[in-house]
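Written out below as structure tokens is the structure these notes cover.
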Amino acid sequence: MRRRTLYAWGVAVVCFVVLMIVTPAIPQSEAYHDFADQREFLGIPNFLNVVSNFPFLVVGLIGLVLCYYGNYFKLSLQGELLGWTCFFVGVAVVAFGSSYYHLKPDDARLVWDRLPMTIAFTSIVAIFIIERVDEQKGMISIVPLLLAGALSILYWRFFDDLRPYAVIQFVPCIAIPIMAILLPPMYTHSTYWLWAAAFYLIAKIEEAADKPIYTWTHHVVSGHTLKHLCAAMVPVFLTLMLAKRTINLERQSLLVTWKVSWQHYRGKNTRGETCECTYTTVSAVEA
């Protein structure tokens, strides 16, 4: 097992090095800071983009309190408490980092927007490894993943190259939903992972459509403001999952569960059609 782990890490490192060699650098565009809604209110510049970060603080603090309040989430695996603590700390600090950035958007302030988000991303990956792959490996991976996230931001800041940061941000967006579907969960309510992934995808779409949404809503709200609100739903769904879940005794993946449900549905419909045909035949004979 240890050899397989080393092979996996080796393949990952080689793929990353090849990616860095064959792809061009991705500099941070200055147009990124040109948000659609730049209105000032109560003396606060870019008001809605600033205050729409408040839900992150609320959800992050609630998650932290419930992590430690009598073990409300019933965390039992090694590293779970540390992983979820890092996640909710990252979520809560997003409120400060993103607000600080949106008060006066530039590259220097963007660091403090991206750093807490990266803490949340990498913590989630470690938690998934703990729950779905191996408890010990997941616990050991927490610190290296956090460091990798921080280094990706430093690399961007010093070399103006977003490629490592893009890998850290987008690989979990692909890997986590796939793992949520294919790997048997230790806990129930795994579909909450998919709801969280869906809202994050919607948030990214809203971010890309910042100015069109601002135009479509007649300058009521911009896509970036909606992005903040949708992204805040990610920790909301994960908090609900933690509150509701129990140990999954069957350890059956979502894919298998869906297949069983589909077969049951098909079988039920087939039996219904058979009964209907039998009833029609009997009625015809009686007539």
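The values are calculated or read from the model by the stated rules, or taken from the named source; none is laboratory data. Keep in mind that what you see is a predicted model, and the values were worked out from it rather than measured. We place every Cβ from the backbone using ideal geometry, glycine too, and count neighbours over all the protein chains shown. These accessible areas exclude ligands, DNA and RNA; they are computed on the full protein's heavy atoms, side chains included. Shrake-Rupley method; radii C 1.70, N 1.55, O 1.52, S 1.80 Å.
Among the residues of region 8-40, those that are at pLDDT 85 or above and not in a loop (DSSP other than H, G, I, E, B) comprise 30, 31, 32, 33.
Hey, does region 86-101 have a residue that's surrounded by fewer than 18 Cβ atoms within 10 Å (Cβ to Cβ) and part of a loop (DSSP other than H, G, I, E, B)? Spell out the reasoning first.
If we filter region 86-101 for residues that are surrounded by fewer than 18 Cβ atoms within 10 Å (Cβ to Cβ), which is where we start, we get 96, 100.
Okay, now just the ones that are also part of a loop (DSSP other than H, G, I, E, B), so none.
No, because not a single residue in region 86-101 is surrounded by fewer than 18 Cβ atoms within 10 Å (Cβ to Cβ) and part of a loop (DSSP other than H, G, I, E, B).
Does region 119-139 include one or more residues that are of a type outside the set (Ser, Thr, Tyr), surrounded by fewer than 17 Cβ atoms within 10 Å (Cβ to Cβ), in contact with a Leu (Cβ under 9 Å, 6 or more places away or on another chain) and at pLDDT 90 or above? Checking region 119-139: not a single residue is of a type outside the set (Ser, Thr, Tyr), surrounded by fewer than 17 Cβ atoms within 10 Å (Cβ to Cβ), in contact with a Leu (Cβ under 9 Å, 6 or more places away or on another chain) and at pLDDT 90 or above. Taking the criterion of being in a helix (DSSP H, G or I) and open to solvent by 70 Å² or more (accessible area, probe 1.4 Å), the residues of region 60-80 that qualify are 61, 62, 65, 68. Please enumerate the residues belonging to region 206-236 that are more than 23 Å from residue 105 (Cα to Cα) and crowded, with 17+ Cβ neighbours inside 10 Å. Passing the criteria: 233, 234, 235, 236. Which residues, taken from region 141-163, are surrounded by 14 or more Cβ atoms within 10 Å (Cβ to Cβ) and either touching a residue at least 40 places away in the same chain (Cβ under 8 Å) or among the hydroxyl-bearing types (Ser, Thr, Tyr) (or both)? Residues satisfying the conditions are 141, 142, 146, 152, 153, 155, 156, 157, 161, 162, 163.
Taking (1) of a type in the set (A, V, I, L, M); (2) open to solvent by 40 Å² or more (accessible area, probe 1.4 Å); (3) modelled with pLDDT under 85; (4) farther than 16 Å from residue 120 by Cβ in turn, residue 180 satisfies each apart from (2).
Residue 114 fails exactly one of the following numbered conditions: (1) open to solvent by less than 60 Å² (accessible area, probe 1.4 Å); (2) among the basic types (Lys, Arg); (3) more than 23 Å from residue 207 (Cα to Cα). What is the number of that condition? Every condition holds for residue 114 apart from (3). Within region 71-99, residues that are among the aromatic types (Phe, Trp, Tyr) sit with their Cβ atoms under 9 Å from residues that are assigned to a loop (DSSP other than H, G, I, E, B), at 6+ positions apart or across chains, in these pairs: 73/245; 84/73; 84/75; 96/53. The condition of being more than 16 Å from residue 123 (Cβ to Cβ), open to solvent by less than 70 Å² (accessible area, probe 1.4 Å) and among the aliphatic types (A, V, I, L, M) holds for residue 203. Just one residue in the set 144, 212, 184, 164 is farther than 19 Å from residue 91 by Cβ and in a loop (DSSP other than H, G, I, E, B); that residue is 184. Within region 157-172, the set of residues being under 11 Å from residue 26 (Cβ atoms) and over 22 Å from the mean Cα position of the chain (by Cα) comprises 159, 160, 161.
Here are some residues: 5, 85. Which one is within 29 Å of residue 241 (Cβ to Cβ) and modelled with pLDDT of 90 or more?
85
Set side by side, the residues 193, 258 differ, and just one is among the aromatic types (Phe, Trp, Tyr), at pLDDT below 75 and assigned to a helix (DSSP H, G or I), which is 258.
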